[in-house]
Amino acid sequence: MSKISVVIHTFNNENIIRDCLESVKDFDEIVICDMYSTDKTLEIAKEYNTKIVMHENIGWVEPARNYAISQASNDWVLVVDSDEKISSDLKEYLYKFIDAPQNYSAVRIPRLNYCWGKPVEILYPDSIIRFLRKDCVYWPPVVHATPEIKFGKIFEINPKYKNLAIIHAYTNSHKSLIGSLNKYTDFELEKLIEKNKSINFYFAIWKSFWIIVEKYFMRKGYKDGLRGLIISITAGIYKFVTYVKYFEYLEKNKD
């Protein structure tokens, strides 16, 4: 029977890493790629007989993906974030899949996001490539990058099977979410600067507002009640803050 390695990136995740590890403890190997945690993250990880490798703490995870995957011992790798959990149904499904993978080199898996302890439909299926052959992937060092598959086809799990979705704690605290918003809009700013985009400020405001409308009404965020409204508004604010930072940059760097 083919084997699977699970790769998890960590940094000061002592409050959430145990739930993640409990959900993957029955896989053949767990590789922890840690960015020099200063809390009890690694102490907890050692309880699960994990293989621990270290990577420079650069503030975000994508540049470390390729290195972490390369440290796995098995051909098939499941990439899991520390705030995610894997169901027993998904585990069983993946093992059956690699017994007869045909020409597939990667699997796109739906992700069920939780806000304040409850799933939200507005963010579903949020499908992501997280299961792949170790030798066929390149992860671009860009925030929220999609992995590039060098060869083979990508199989997609039908989102209607929610029992096969990755469980993701989208947020348990909007305090931490706002902190992440500020950090990740900095990365979005870098992308805009690199592209040297010319943007009309009033169009940017409208586009930010439209994101809220699109998510809440067209994507039926209203079905998630207050959670759907908050997520919709936060998405619009994320885009708006990105544009504000970019206009600030342009103003400061006028010829």
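Less than 5 angstrom separates the built amide H of residue 74 from those of 5, all sequence-distant by 5 or more or on a different chain. Fewest-first ordering of 116, 60 by other beta carbons within 10 Å of each residue's beta carbon gives 116, 60. With both residues required to sit in the stretch 4-169, DSSP beta bridges show an antiparallel share near 35%. The stretch between residue 196 and residue 223, if pulled fully straight at 0.36 nm per residue, gains 5.9 nm over its current Cα-Cα span.
Roughly how far apart, in whole Å, are the Cα centres of the stretch 195-255 and the stretch 23-92? Here the two parts' Cα centres lie 33 Å apart.
Remark: relative contact order (the stretch 13-171) = 26 percent; criterion is Cα-Cα distance under 8 angstrom and separation of 6 or more residues.
For an R0 of 30 angstrom, estimate the FRET efficiency from the Cβ-Cβ distance between residue 70 and residue 39 and round to the nearest 0.05. Write out the running numbers ahead of the final one.
Details: r = 26 Å, r/R0 = 0.87.
So the FRET efficiency works out to roughly 0.70.
In terms of the Cα gyration tensor, with a ≥ b ≥ c the square roots of its eigenvalues, is the stretch 173-252 rounded because a/c is under 1.5, prolate because a/b exceeds b/c, or oblate? Oblate, since a/c reaches 1.5 and b/c is not below a/b.
A simple spin-label model places the labels of residue 89 and residue 154 2.4 nm from each other, with each point 7 Å out along Cα-to-Cβ.
Shown in residue order for the stretch 52-60 are the 3J(HN,Hα) couplings computed by the Karplus curve 6.51 cos²θ - 1.76 cosθ + 1.60 at θ = phi - 60°: 10, 10, 10, 9, 3, 7, 10, x, 8 Hz (x for Gly and Pro). Highest GNM mean-square fluctuation among 240, 203, 11, for the chain modelled with Cα contacts below 10 Å: 203. When 247, 131 are sorted by how many other C-beta atoms sit within 10 angstrom of their C-beta, beginning with the fewest, the order is 247, 131. Couplings for the stretch 96-101, taken from phi via the Karplus curve 6.51 cos²θ - 1.76 cosθ + 1.60 with θ = phi - 60°, read 5, 4, 6, 6, 8, x Hz in order; Gly and Pro are left as x. Once both labels are positioned 7 Å from their Cα atoms along Cα-to-Cβ, the gap between residue 207 and residue 103 label points is 3.7 nm. Footprinting exposure proxy ranking of 243, 124, fewest other C-beta atoms within 10 angstrom first, gives 124, 243.
Taking the Cβ-Cβ separation of residue 184 and residue 3 as r and a Förster radius of 35 Å, what is the calculated FRET efficiency to the nearest 0.05?
0.50
Taking amide H atoms as placed 1.01 Å from N in the peptide plane, the amide H of residue 29 lies under 5 Å from those of 4, 6, each 5 or more residues away in sequence or on another chain. Charge dipole of the stretch 4-169 (Cα centre as origin; +1 on each Lys and Arg Cβ, -1 on each Asp and Glu Cβ, all else neutral): 440 debye, rounded to the nearest 20.
Read-outs: derived from the displayed coordinates by stated rules, not from any lab. All figures in this text were calculated on a predicted structure; none of them were measured in a lab. Because the Cβ atoms are built from the backbone with ideal geometry, glycine has one as well, and the counts that use them run over all protein chains shown.
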